[in-house]
Amino acid sequence: MHSDTNTRPVILTGDRTTGPLHLGHYVGSLKSRVVLQHSHQQFLLLADTQALTDNAHDPQKVRRNVLEVATDYLAVGIDPSLTTICVQSALPALAELTLLYLNFVTVSRLERNPTIKTEIQLRGFERDVPAGFLCYPVAQAADITAFKATVVPVGEDQAPLIEQTNEIVRRLNRQIGRDILVEAAAMVPKVGRLPGVDGEAKMSKSQGNAIPLSASPGEISDAVRRMYTDPDHLRVSDPGQVEGNVVFTYLDAFCEDRQLVDEMKAHYRRGGLGDVTLKRHLEEVLQSLLAPIRERRARYAAEPDYVMGIVREGTRKARERTEATLTELRSALGLSSLA
């Protein structure tokens, strides 16, 4: 029995539609979304407009991956009767709210946002940063407030975006003289960012160091075999380093048997546990996790019209909700209405 959706806290989350989702997405957000949909009114945004901020040269890639990401959602256990899956670009209220909010934030404030600052440096934009990319925090504020979300799951590095959203909320509410918009709390997952199989800081499809949710048994085996361990652990009898060892990072993230992982860590540290044995155990864990997801995904992928039907219906519901927020805000700001 699910509680009345109107009394449950509203959660907004989503993904940029730039490629199929992988294990990093699963441990970072998908797993918790499957649980949260039972206690929250959950909206999942297929963020195709945001994906264009640095993929405008390849809009077909962005469009194609709307279906891919929606299929991944269903494969991991997102239930469309509990979670509304919707397409960002098909919600015109979000674009209008973004335009409104841009009048309540300065360029210098956007440039100071730590998340944006870091991303600009990583991409080497310097002063050639696309305006859409710089203004992303405002677009995200529009997304969050349009749904009146009170909870937004984000990585620790994204928390400054929620802070900026709340600044915009407070400024608009002060301007209006009453609280129309609601502030949101960042929900930071306990598990940190999952590194790529090569030990790099971030799992990324573009860097070829990711394990997709649709990975075949052979692809999983190959990825585990390539995993970075302790380069100084040359013989089985040698004591090994657990910290920074990607295999242990993955075991911490995916192995349910905490006691076994702790025992393996102690064994590895004192010597006598080989990398091959360690990787074999991790492979068993990942094969067992991904097999049912892969099977469900294949079933949904064979019915693209069914998946898009779910997305269309979710987008229709989301449009009603976001338009209601826009109408309420326009009226409160005293903007003209010709309707």
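The values are calculated or read from the model by the stated rules, or taken from the named source; none is laboratory data. This is a predicted model, so every value here is computed, not measured. Note that each Cβ is placed from the backbone with ideal geometry, even for glycine, and that neighbours are counted across all protein chains shown. Areas reflect the complete protein model, heavy atoms only, side chains present, ligands, DNA and RNA absent. Shrake-Rupley method; radii C 1.70, N 1.55, O 1.52, S 1.80 Å.
Points worth noting:
Conditions tested, residue by residue: (1) acidic (Asp, Glu); (2) within 16 Å of the chain's Cα centre (by Cα); (3) under 16 Å from Val105 (Cα atoms); (4) open to solvent by 30 Å² or more (accessible area, probe 1.4 Å).
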site: Gln140; (1), (2), (3), (4): no, yes, yes, no
site: Thr145; (1), (2), (3), (4): no, no, yes, no
site: Val152; (1), (2), (3), (4): no, yes, no, no
site: Ile162; (1), (2), (3), (4): no, yes, yes, no
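- Among residues of segment 28-54, those that are assigned to a helix (DSSP H, G or I) and either surrounded by fewer than 19 Cβ atoms within 10 Å (Cβ to Cβ) or not acidic (Asp, Glu) (or both), counted: 12
- Looking across segment 55-66, just one residue is in contact (Cβ under 8 Å) with a residue 60 or more places away in the chain and either of a type in the set (Val, Ile, Thr) or open to solvent by less than 50 Å² (accessible area, probe 1.4 Å) (or both), and that is Val66.
- Between Leu94, Leu74, the distinction of being in contact with a helix residue (DSSP H, G or I) (Cβ under 7 Å, 6 or more places away or on another chain) and either within 30 Å of Ile176 (Cβ to Cβ) or surrounded by fewer than 17 Cβ atoms within 10 Å (Cβ to Cβ) (or both) belongs to Leu94 only.
- Close pairs from segment 124-137: first closer than 12 Å to Val107 by Cα, partner polar (S, T, N, Q) and assigned to a helix (DSSP H, G or I), Cβ under 7 Å, at least 6 apart: Tyr136/Gln50; Pro137/Gln164
- Residues that are open to solvent by 80 Å² or more (accessible area, probe 1.4 Å) and in contact with a helix residue (DSSP H, G or I) (Cβ under 9 Å, 6 or more places away or on another chain) within segment 193-231 comprise Arg193, Glu200, Lys202, Arg225, Tyr228, listed in sequence order.
- The residues listed here are Leu329, Leu289, Leu282; of these, the one that is hydrophobic (A, V, I, L, M, F, W, C) and open to solvent by 30 Å² or more (accessible area, probe 1.4 Å) is Leu289.
One line per residue, one yes/no per condition, for (1) outside the structural domain of Ile85 (by the TED database); (2) at pLDDT below 95; (3) touching a helix residue (DSSP H, G or I) at 6+ places or on another chain (Cβ under 9 Å):
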position	(1), (2), (3)
Pro239	yes, yes, yes
Glu243	yes, yes, no
Val285	yes, no, yes
Ser288	yes, no, no
Ile293	yes, no, yes
Arg312	no, no, yes
Glu323	no, no, yes
